[in-house]
Amino acid sequence: MNIYMVIFFAVSLNYLFIGINVFSKDYYSIKNRIFFNMAFALFAWAGIYAMMFLITDPIMAAFTRKLTVFTWGIFYTVLFQFILLISNQEGFIRKKPYLGHFLLYSPSLMNIYLYFFNPVSADELNFTSRGWVYVNAIERGFIWDNYFYVYYMTFTVLSLVFAYRWRKNTVVKREKKQANIVLATISIALLFGTIFEIVLPINGVFSLPGVTTIIALIPFYGMWYASEKLGLISFKPEKLSVDVLQMMSEGIILENNNGDIEMINSGAREILGYDNNDNIEHISNILIGNSMDLNEISAIDAREIQLMNKQGNRIDVLISTMPLYDSIGEKYGSLNIFQDISNLKEAQVNLMKMNETLEIKVFERTESLIKSNRQLLSEVKERKIAEYNVRKMAYYDSLTDLPNQRYFSQRIEEAIKNADSNSSQFAVLFIDLDLFKRINDAMGHSKGDELLIIVANRLKNLMRQGDFVARSGGDEFLVIIENLNNREELELILDRLLDIFKEPFIIDNHEFNVTCSVGASIYPDHENNMEELVKFADIAMYEAKGRGRNFSVIFNNDMKEGLLQELNLTNDLYNAVKNNELELYYQPQVDSNDNSIIGVEALIRWHHPKLGMIPPLSFIPMAEKTGLILEIGEWVIKTAIDQKKRMERKKHLECADIRQSFSQPVCQQ
């Protein structure tokens, strides 16, 4: 039995075993499927070359060799796609899957076209101890002779380039190590493959058909090790939905196996008394004191512990710890979520004291059963009130008695489930009081609080049964309108909402006229998750304020695009003065009696390098909002003065004083 045939069979079975092993762990993972495709191509490639050792007929050998084009003809494309997937650089393919896959696999289709339909003939093959060797080559043209080498080098180099970009851009140590392994193994395989498949055969030194399938073991094992042993899981924010975690009021700490804190959200900072500028990446032992080592927990765990805040005080918290494991069961960190339960603990202590008092009183007054029963009822009532107060502190706003942001988050998730099950729709309203700060500044915060309470009561009285009203914070309110029939019904509700603000608010015998701006988003027309629905309603609310306040607006996609355009234009305006993009145009002022020019009016224009000439109405309001109007005003005065001096030197004009108004004349004839 030929030793080379045994080697090829062993290599072929090795590819098949590893490919099936990876694929079976997660059938739905696109990474696992692409890895299996790569393994199967190598399995078939090596397997066909192993079987060719059993073939003695040149015609059959030529036909079998022709079949290998379906393996080596697509392998390097699959390799490149796998690199894109593990490095999260497949954005174009994800956005346009049909076009992306067509462009990606077109070179492979060209391989099949060239080498399957115009294959090597039996006369060009010679059987040796190393298998069927390609000799006596027939001239088929430059493209046929060189296309595969160009394809092989191009896709291999692209794989190296994108692996290098991955290594350069990632900040995760685990991913840098993965990228280093991929870069090293592909580079080694590229070197050996070029030597054994191109350099040595061309110079007649050595030729082993299919040796690439053996060399491919190097990058294959490298990528398998990087994917399976090291895992593709990291602490990247997008994989842990950090945007959502950051906005939660609960404290969240993510630490790695070394106990270093990888992420801490604003809720944790607030509970522990740290500012955003405080560096707390390496003080996990200080945070938890000697209570426990959270990183030693191997299963999901919940318990009460004490954490140390910035001032050195201990805080009672309820903490839930979840260990994080990669795809092969190797632990790489822990996720800790905790709540400040100091008030709850105090309430529990009070409850325990009441229970103890109750037991003592019952024991001491057994002879007075009627009196004891009355006392018992009283104590039970107090206990229920205390429990109710504990729940109320967690889910209700203490000022308005409306549900708070946490309760709203739970309620909107229920609304989404109900809408999905009933094929219905609902709306989210974002309400903001107009110029509320003026009332606080003029009348004091206590009067502002009284106004918020009255507004909350009017909102509750307005809404239908089943609708949900919550206070988000400050002068902002959130409303869920369920079982919405159509857009027209929502517009009627918005009109009624604005109407309740037409009646003056009376506080201490003083009337206050207050308006509000309202934005609305609709599920599922606008978005299918809570965060986006609230954000779009917020955008619509600011659109309402931009239309003059006391207005309601239903979100549409143009608002989002308009907001981005205004943001970009505002950023460009900051550089307009520095880059000399502003210009002054002078409009003559003519005496109607004798048609003589008695002065000119300076008009400002912005010559944008990309958008061209922009009129004042498009950028002056933005300048006023950002405070740039002062800098632009100074530039206008300085430019007008300089040009006035040049006019005077020409002695053609007698220039008057310049007034600080863009509409006033600068020079008179």
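Listed values, structure above:
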read-out	value
Residue in the stretch 579-637 that is most open to solvent (accessible area, probe 1.4 Å), counting only those that are free of Cβ contacts under 8 Å to residues at least 60 places away in the same chain and among the polar types (S, T, N, Q)	N593
Some residue of the stretch 264-271 being of a type in the set (K, R) and at pLDDT 80 or above	yes
Out of L109, L99, L104, sole residue that is over 23 Å from I214 (Cα atoms), exposed (fewer than 13 other Cβ atoms within 10 Å of the Cβ) and not acidic (D, E)	L99
Within the stretch 504-535, tally of residues that are charged (D, E, K, R) and in a loop (DSSP other than H, G, I, E, B)	3
Tally of residues being of a type outside the set (S, T, N, Q) and under 49 Å from the mean Cα position of the chain (by Cα) across the stretch 587-619	17
Selection count, the stretch 376-399, where residues are exposed (fewer than 13 other Cβ atoms within 10 Å of the Cβ) and in contact with a strand residue (DSSP E or B) (Cβ under 6 Å, 6 or more places away or on another chain)	0
Residue check for N279: modelled with pLDDT of 70 or more, outside any strand (DSSP E or B) and open to solvent by 20 Å² or more (accessible area, probe 1.4 Å)	yes
Filter result (not in a helix (DSSP H, G or I) and not small (G, A, S)) within the stretch 340-375	D340, I341, R365, T366, E367
L478 being surrounded by 14 or more Cβ atoms within 10 Å (Cβ to Cβ) and under 26 Å from E543 (Cβ atoms)	yes
Condition met for V479 (among the β-branched types (V, I, T) and in a helix (DSSP H, G or I))	no
A39, sole failed condition from (1) farther than 26 Å from N21 by Cα; (2) assigned to a helix (DSSP H, G or I)	(1)
Residue check for K447: surrounded by fewer than 18 Cβ atoms within 10 Å (Cβ to Cβ) and in contact (Cβ under 8 Å) with a residue 60 or more places away in the chain	yes
F92 hydrophobic (A, V, I, L, M, F, W, C), under 27 Å from L183 (Cα atoms) and either surrounded by fewer than 21 Cβ atoms within 10 Å (Cβ to Cβ) or touching a Pro at 6+ places or on another chain (Cβ under 8 Å) (or both)	yes
Residue list for the stretch 548-584, restricted to those being basic (K, R) and either in contact with a helix residue (DSSP H, G or I) (Cβ under 9 Å, 6 or more places away or on another chain) or over 29 Å from P609 (Cα atoms) (or both)	R549, K560
From the options M354, M322, residue that is at negative phi and modelled with pLDDT of 85 or more	M354
Enumeration of residues in the stretch 1-29 that are modelled with pLDDT of 85 or more and β-branched (V, I, T)	V6, I7, V11, I18, I20
Meets criteria (free of Cβ contacts under 8 Å to residues at least 40 places away in the same chain and either under 21 Å from D449 (Cα atoms) or open to solvent by less than 80 Å² (accessible area, probe 1.4 Å) (or both)) for N373	yes
Qualifying residue in the stretch 381-395 (condition: in a loop (DSSP other than H, G, I, E, B) and at pLDDT 85 or above)	no
Cβ pairs under 7 Å, 6+ apart, first in the stretch 287-315 and at pLDDT below 70, second in a loop (DSSP other than H, G, I, E, B) and of a type in the set (F, W, Y)	none
Residue in the stretch 155-196 that is modelled with the lowest pLDDT, counting only those that are over 36 Å from the mean Cα position of the chain (by Cα), of a type outside the set (A, V, I, L, M) and open to solvent by 60 Å² or more (accessible area, probe 1.4 Å)	F196
Residue list for the stretch 507-535, filter: of a type in the set (V, I, T) and modelled with pLDDT under 90	I507
Scan of the stretch 1-44 for residues that are aromatic (F, W, Y), open to solvent by 10 Å² or more (accessible area, probe 1.4 Å) and under 16 Å from T77 (Cβ atoms), ordered by number	F36, F40
Members of the stretch 406-440 that are open to solvent by 30 Å² or more (accessible area, probe 1.4 Å), part of a helix (DSSP H, G or I) and under 24 Å from F551 (Cα atoms)	K437, R438
First in the stretch 454-475 and farther than 14 Å from D401 by Cβ and modelled with pLDDT of 95 or more, second anywhere and open to solvent by 40 Å² or more (accessible area, probe 1.4 Å) and among the hydrophobic types (A, V, I, L, M, F, W, C), Cβ under 8 Å, 6 or more apart	none
Residues within the stretch 131-154 that are surrounded by fewer than 17 Cβ atoms within 10 Å (Cβ to Cβ), not polar (S, T, N, Q) and not in a strand (DSSP E or B), tallied	13
Out of L402, L462, L452, sole residue that is among the aliphatic types (A, V, I, L, M) and open to solvent by 30 Å² or more (accessible area, probe 1.4 Å)	L462
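Residue-by-condition table, conditions (1) closer than 21 Å to R411 by Cα; (2) open to solvent by less than 30 Å² (accessible area, probe 1.4 Å); (3) touching a residue at least 40 places away in the same chain (Cβ under 8 Å):
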{"position": "T515", "(1), (2), (3)": "no, no, yes"}
{"position": "S521", "(1), (2), (3)": "yes, yes, yes"}
{"position": "E527", "(1), (2), (3)": "yes, no, no"}
{"position": "E532", "(1), (2), (3)": "yes, no, no"}
{"position": "K545", "(1), (2), (3)": "no, no, yes"}
{"position": "E561", "(1), (2), (3)": "no, no, no"}
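The values are calculated or read from the model by the stated rules, or taken from the named source; none is laboratory data. This is a predicted model, so every value here is computed, not measured. In this analysis, Cβ positions are derived from the backbone assuming ideal geometry, glycine residues included, and neighbour counts consider all displayed protein chains. Surface areas here come from the heavy atoms of the whole protein model, side chains and all, with no ligands, DNA or RNA. Shrake-Rupley method; radii C 1.70, N 1.55, O 1.52, S 1.80 Å.
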